[in-house]
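Novice: This structure is in structure tokens; I'll ask about it shortly.
The values are calculated or read from the model by the stated rules, or taken from the named source; none is laboratory data. Bear in mind the structure is a predicted one, so any value in this text is a computation, not a measurement. In this analysis, Cβ positions are derived from the backbone assuming ideal geometry, glycine residues included, and neighbour counts consider all displayed protein chains. We work out accessible area using only protein heavy atoms, side chains counted, and drop any ligands, DNA or RNA first. Shrake-Rupley method; radii C 1.70, N 1.55, O 1.52, S 1.80 Å.
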Amino acid sequence: MKIGIGSDHGGYELKEYIKAYFEKEGIEYVDYGTNSKDSVDYPDYGKGVADAVASKEVDRGIVICGTGIGISIAANKVKGIRCALCGDTYSARMSREHNNANMLALGARVLGVDLALEIVGIWLKSEFQGGRHENRVNKISVIEG
Ligand code: RB5
């Protein structure tokens with residue numbers, strides 16, 4: 001599984017911690033920036049990773065900004081994206097099992113690094129349960145048009 005990762009300046013440091021975790025775990029990833037703490041606009045990076053997921057350049061995406069709010073809103077504007085902003089491990093698991101989230105958003109100014117890495121680990125290993133949830137997720141696609 002190849003993961004696309006991106007952040008604005010607020011999420012840059014956490015992005016680097018997550019990349020170190022990927023390297024330790026042997027998880028393949030593509031970094032869509034940003035590459036420093038210089039101020040940038042989160043919609044650009046949310047869209048960058050979301051486009052990569054929607055076009056299947058990568059299998060799933062992780063995006064980070066200060067709160068995770070702006071970058072998740074931006075990512076969710078791209079057709080086919082279900083980006084879940086998670087601040088706890090239960091939501092991270094449910095976002096995969098019930099919502100088939102193909103992107104995870106994190107708030108770097110909200111979460112400690114250890115919790116963020118635990119959320120990432122659980123989100124990556126959790127799988128969509130399908131069944132009754134499939135129909136509900138399909139209804140989201142219908143709304144999207
Ligand atoms: C940038 O200062 C901040 O607004 C951004 O990282 C994010 O929290 C937006 O939702």
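Novice: Taking the range 25-90, which trypsin sites (Lys or Arg not before Pro) meet the DSSP loop condition and have no more than 15 other C-beta atoms within 10 Å?
Specialist: K37, K56, K77, K79
Novice: Here's something else I'd like to know. Relative to the longest principal axis of the chain, what angle (0 to 90°, nearest 10) does the C-alpha long axis of helix 12-25 take?
Specialist: Roughly 70 degrees, rounded to the nearest 10.
Novice: Moving on to the next point. P(r) tail for the range 1-120, what percent of Cα pairs lie past 20 Å?
Specialist: Cα-Cα pairs in the range 1-120 separated by more than 20 Å: 31 percent.
Novice: Toward the positive end of the charge dipole of the chain, about the Cα centre and with charges on Cβ (Lys, Arg +1; Asp, Glu -1), which of G131, I69, N35 goes farthest?
Specialist: G131
Novice: Using the Cα gyration tensor of the range 70-145, with a ≥ b ≥ c the square roots of its eigenvalues, what is the shape: rounded (a/c below 1.5), prolate (a/b larger than b/c) or oblate (neither)?
Specialist: It is oblate, given that a/c is not under 1.5 and a/b is not larger than b/c.
Novice: First check a/c for the range 13-60, with a ≥ b ≥ c the square roots of the eigenvalues of its C-alpha gyration tensor; if it is under 1.5, answer rounded, and if not, answer prolate when a/b is larger than b/c or oblate otherwise.
Specialist: Oblate is the answer for the range 13-60, as a/c is 1.5 or above yet b/c matches or exceeds a/b.
Novice: When ligands, DNA and RNA are left out and all protein chains stay put, how many square angstrom of accessible area per residue does the range 1-132 have with a 1.4 Å probe?
Specialist: Each residue of the range 1-132 exposes 47 Å² on average to a 1.4 Å probe.
Novice: So, one more: Check which residues have an amide H placed less than 5 Å from L104's amide H, if you skip close sequence neighbours.
Specialist: Here G61, I62, V63, A84 satisfy the definition.
Novice: Given the chain, what count of lysine pairs have C-alpha atoms under 15 Å apart, with each pair 8 or more places apart or on different chains?
Specialist: 11
Novice: Sticking with this one: Per residue of the chain, what 222 nm ellipticity follows from adding -39500 (n - 2.57) for every DSSP H run with n ≥ 4, rounded to the nearest 500?
Specialist: -14500 deg cm²/dmol
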